[in-house]
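To start, the structure itself, in structure tokens.
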Amino acid sequence: LLGFGVVLLSPRLQAQFAGATAGLSGSGHGLLARIRAQGWLGQFLVGLVLGVVWSPCVGPTLGAAGTLAAQGTHLAPIALLMLVFGLGAGTPLVALGALSREAMLRVRGRLLQAGKWGKGLLGCVLLALGLSILTGWDHRFEALVTDLSPQWLVELTTRF
């Protein structure tokens, strides 16, 4: 988590990470150019190739979520995180698909700026989570939240 957070906070490290994974991304771009996006199979293949193309961008985020999931604890919040990530990744694609090229060109700069801000925010969150796990503060925070939560919610979330 700490490593992914540092990468997201450093434009230089982001560029190095993108350079290190450029071959994979470039292969995906080549495949995407050759796929006919007609019908369900075409759309499925485009989605698969987009995963390859996006891996340098989303790798740190998915890596962090995967790392947390591999620990086998707190799976419900991790599932929620992955759901939110999926919605966050998919919603812009649906919106961009609905917008015309001209409209996209008008807002491109603002979208890029929002992406930079979002990477910084996510980097800070990942650093905070990593530090809280290293220091054991996450357990103290969990105990505090459990103490402050109503009993029915504690029973619901610890039942399974």
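The values are calculated or read from the model by the stated rules, or taken from the named source; none is laboratory data. Keep in mind it's a predicted model, so treat the numbers as computed, not measured. Note: ideal-geometry Cβ built from the backbone for every residue, glycine included; neighbour counts use all protein chains shown. Heads up: the accessible areas ignore ligands, DNA and RNA and are worked out on the full protein's heavy atoms, side chains in. Shrake-Rupley method; radii C 1.70, N 1.55, O 1.52, S 1.80 Å.
Worth pointing out:
- Residue list for region 46-78, restricted to those being farther than 17 Å from Leu122 by Cα and of a type in the set (Gly, Ala, Ser): Gly47, Gly51, Ala69, Ala70, Gly72, Ala76
- Members of region 59-82 that are among the β-branched types (Val, Ile, Thr) and surrounded by fewer than 16 Cβ atoms within 10 Å (Cβ to Cβ): Thr67, Thr73
- Scoring Ser100 on the criteria (1) over 16 Å from the mean Cα position of the chain (by Cα); (2) modelled with pLDDT of 80 or more; (3) open to solvent by less than 60 Å² (accessible area, probe 1.4 Å) leaves a single failure, condition (2).
- Whichever residue in region 1-52 is at pLDDT 80 or above and aromatic (Phe, Trp, Tyr) and, among such residues, is farthest from Gln71 (Cα to Cα): Phe17
- Entirely in region 47-160, the helices (runs of 4 or more DSSP H) that have 2 or more residues that are closer than 26 Å to Gln16 by Cα: 75-98, 101-135
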